[in-house]
Amino acid sequence: MIELRDLRKHFRGSGSWAWTGRRPPVRAVDGVSFALAAGESVGLVGESGSGKSTVGQLMLGLIAPTSGQILLDGEVLPQGPRAIQALRGQTQVVFQDPYDALNPRQRVFDIVTEPLRNLGRAAQGDLRERAVGLLERVGLHAHDLDKYPHQFSGGQRQRIGIARAISVQPRFLVLDEPVSALDVSIQAQVVNLLMDIRREQGLAYLFISHNLAIVEHACDRIVVLYLGKVMEIVPKRRLHDASLHPYTRALVDAIPVPDPDRSRDAVPLSGEIPDPANPPSGCRFSTRCPWARGDCHAVEPPLVEREPGHWMACHRHAELPSPTAPRTP
């Protein structure tokens, strides 16, 4: 349904260097390619600064790409305001922080029905009935329509945001860290609600998150992003039994294990993510990868399908051990 082809977004640098033209642009997204089928949920994971939210904004048409293409149903989307017009009603977003995502001066009725009014999807006399149905679908009640956001908990506010997002019956949702601001006890409830809605309405999700465990639970495939580049695309069923990219393996090893007696042969990451305005040559991950060798620092590895549905960008893929083998390089 939606496809990204060599998508790039470079931002002009800030500070005094920007005015002289000597500071290179920030390469937030630098050649990302993947696709989402109708009804599919794809997780987008990576550290802060890897470009996840920028990819989501590009797919919503909120910012224009520096280069590359976004295709919807096989048709290349125009850039700028025309892209937003083409996507209106087909895409919606659920934001990270439900406290900032809702207008504190609006009632829940106005918040939930605003997309319907803007797109002319419901007659004025039908708005309240539609709003009641949306609230009940996300686990709230009709009497909540006349309340204001400050009268709800964080989990309830996120449910209101979800009701607003699905009000116009979109085909595609960008979920930008939708549970990271919620209590752990509430996160599972919201994730399960999103999964139920996806099954009922056939929605496609781009699920952006730092939490690989949640993404593994909620998504069909996982796209691993590092410094604006796709390191790996892996089906979730292969996440623990396939030879993974060293960066993906580091993310998997960071998942807490609720067993104090279980040991791991993990290879921890060292250092910080490099400056996206001055990325390393060769593989973007080479400065932190324990398996990096000469060509890793000089030649950028292509994203290659190693087996059906499993793509990886790594020169050392044939040398990587299985997840159950010792992983000391």
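The values are calculated or read from the model by the stated rules, or taken from the named source; none is laboratory data. None of these values were measured; they are calculated from a predicted model. Using ideal geometry, Cβ is built from the backbone for each residue, glycine included, and neighbour counts are taken over all protein chains shown.
Miscellaneous remarks
- Checking every residue in segment 64-87 against the condition of being at pLDDT below 85, closer than 27 Å to Gly202 by Cβ and in a loop (DSSP other than H, G, I, E, B) gives at least one match.
- Number of residues in segment 169-192 that are surrounded by fewer than 18 Cβ atoms within 10 Å (Cβ to Cβ) and under 23 Å from Ala122 (Cβ atoms) equals 1.
- Any chance Asp144 is surrounded by fewer than 13 Cβ atoms within 10 Å (Cβ to Cβ), over 22 Å from the mean Cα position of the chain (by Cα) and not in a loop (DSSP other than H, G, I, E, B): no
- Of all residues in segment 168-178, none satisfies being under 24 Å from Pro308 (Cα atoms) and among the charged types (D, E, K, R).
- Taken together, Leu87, Leu134 contain a single residue that is buried (at least 16 other Cβ atoms within 10 Å of the Cβ), closer than 23 Å to Gly39 by Cβ and in contact with a Ser or Thr (Cβ under 6 Å, 6 or more places away or on another chain), which is Leu134.
- Selection within segment 199-215 - surrounded by fewer than 18 Cβ atoms within 10 Å (Cβ to Cβ) and modelled with pLDDT of 90 or more: Arg199, Glu200, Gln201, Gly202
- Residue in segment 20-34 that is in a helix (DSSP H, G or I), within 23 Å of the chain's Cα centre (by Cα) and under 22 Å from Leu194 (Cβ atoms) present: no
- Among the conditions (1) closer than 22 Å to Val29 by Cβ; (2) assigned to a loop (DSSP other than H, G, I, E, B); (3) at pLDDT 85 or above, the only one that Ala292 does not satisfy is (1).
- Condition broken by Ala123, with the remaining ones in (1) at pLDDT 95 or above; (2) surrounded by fewer than 17 Cβ atoms within 10 Å (Cβ to Cβ); (3) hydrophobic (A, V, I, L, M, F, W, C) satisfied: (1)
- Complete set of residues in segment 97-120 that are crowded, with 18+ Cβ neighbours inside 10 Å and in contact with a strand residue (DSSP E or B) (Cβ under 9 Å, 6 or more places away or on another chain): Ala101, Pro115
- Sole residue being modelled with pLDDT of 90 or more and under 25 Å from Arg164 (Cα atoms), chosen from Phe95, Phe11, Phe34: Phe95
Conditions tested, residue by residue: (1) within 26 Å of Asn103 (Cα to Cα); (2) outside any strand (DSSP E or B).
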{"residue": "Arg164", "(1), (2)": "yes, yes"}
{"residue": "Pro170", "(1), (2)": "yes, yes"}
{"residue": "Leu173", "(1), (2)": "yes, no"}
{"residue": "Val179", "(1), (2)": "yes, yes"}
{"residue": "Ser185", "(1), (2)": "yes, yes"}
{"residue": "Val190", "(1), (2)": "yes, yes"}
{"residue": "Ile208", "(1), (2)": "yes, no"}
{"residue": "Ile214", "(1), (2)": "no, yes"}
